[in-house]
1. Give the angle, between 0 and 90 degrees and rounded to the nearest 10, that separates the Cα long axis of helix 57-68 from the longest principal axis of the Cα atoms of the chain.
2. Nearest 500 deg cm²/dmol is fine: what mean residue ellipticity at 222 nm does the chain get from its DSSP H runs of n ≥ 4 alone, each adding -39,500 (n - 2.57), divided by its residue count?
3. Could you line up 240, 219, 274 from fewest to most neighbouring Cβ atoms inside 10 Å?
4. Can you tell me how region 253-399 classifies by the Cα gyration tensor, rounded, prolate or oblate, using a/c under 1.5 as the rounded cut?
5. Find how much the distance from residue 3 to residue 113 grows on full extension, using 0.36 nm per residue of separation minus their present alpha carbon separation; answer in nm with one decimal.
6. Counting only C-alpha contacts under 8 Å and six or more residues apart, can you give the relative contact order of the chain as a whole percent?
7. Could you give the length gained by full extension between residue 62 and residue 355, i.e. 0.36 nm per residue of separation minus their alpha carbon distance, to one decimal place?
8. Place a point 7 Å from the Cα of residue 368 along the Cα-to-Cβ direction; which residues of region 242-281 have their backbone N under 17 Å from it?
Ligand SMILES: Cc1cc2nc3c(=O)[nH]c(=O)nc-3n(C[C@H](O)[C@H](O)[C@H](O)COP(=O)(O)O)c2cc1C
């Protein structure tokens, strides 16, 4: 049975949700599922904006057929060629053989690469600023390269002021009937997953996100229709502001994220002692993660969220504890910058981890280090509390203004 919703007088949401998927991109856990959005415009021409993942293919095809209610599909616009949005192109062509495809110069080679299908005579190649009239609605196209693939573009419906934003402004999480941001509590229930999605999937490309924000901000936008998660139809500044912060690598929260690794509990103890002392010094926003039990995508998300990071790790075979090393590599790959960082190392015979972590942090852009080789020998001792309190003083001084 079809399962769609009206977005505007002429536009329908024809997507669906996958609540069985364990890991998005076979990497990121999605305990709340994932939505794949697709939109269908009924005008003199019928126009579909992107397709969906195979996982919800049957539902999607029923939705399209249900909305078309006897009409044929004239156009498919491909804003993003990633397979979770393109798996149904061949099925659509079987059902609607006269369907034309609109994309940019980088879209069509990818169709060939992934699917090798014969679409000669169906290609309509558009470029930045081109317009397309479907009847009452005029669409124009905005290139958004590397947000987050090179062929990504956005489509703007000038008539109803709808921005089809591809993956931008998307989030992990399945939709459950309430597909609009004003029907859910985004800040309470979705923001963390939205940040985790952005920072891990697009986080590296802050410059490119800034470029596209500059292009879309002058537009009058009433709806943002992303390919994942809720549709924005009020308070658009909220999500635009978040994207502006994240893509400039500016923290959202003045506070501390303590990420520790620990085998026998001693580095963990040092992290807890630090957290308690920070709280006593008035720091309110403190997040403590045992990184062995926290997916690295959560750590990346909180690294974007918090202004100050504390990384604590044992030495392991004269190197950094592997889970911490992996997190540091991800931080660098995702371009994390502009943070103040303190490092606590640990080791029983030759503690190296503090020095090695600090060296990795120094390779990242605009990182300020508050410590220099702060090493614990096996377990934190009374004699080191003075040095720890000095660090607490520096952190609290920056976060709450006084030690
Ligand atoms: C496989 C392995 C390799 C280690 N390599 C080193 C090392 O190279 N240098 C060192 O000082 N300690 C080394 N250690 C010891 C731990 O770093 C040390 O005991 C630390 O205090 C453990 O902290 P934790 O209680 O938080 O797990 C190693 C431990 C293990 C299990």
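1. Orientation of helix 57-68: about 40 degrees from the principal axis.
2. My calculation for the chain gives -9500 deg cm²/dmol from helical runs alone.
3. By the 10 Å Cβ count, ascending: 219, 240, 274.
4. Because its axes are fairly even, with a/c under 1.5, region 253-399 counts as rounded.
5. Full-extension gain reported as 36.4 nm.
6. It comes to 11 percent, rounded to a whole number.
7. 99.6 nm
8. Answer for this model: 249-257.
Laboratory data are not the source of any read-out in this text; all were calculated from the coordinates shown. What you are looking at is a predicted structure, and each value in this text was computed from that prediction instead of being measured. Every residue, glycine as well, gets a Cβ built from its backbone with ideal geometry; the counts of neighbours run over all protein chains shown.
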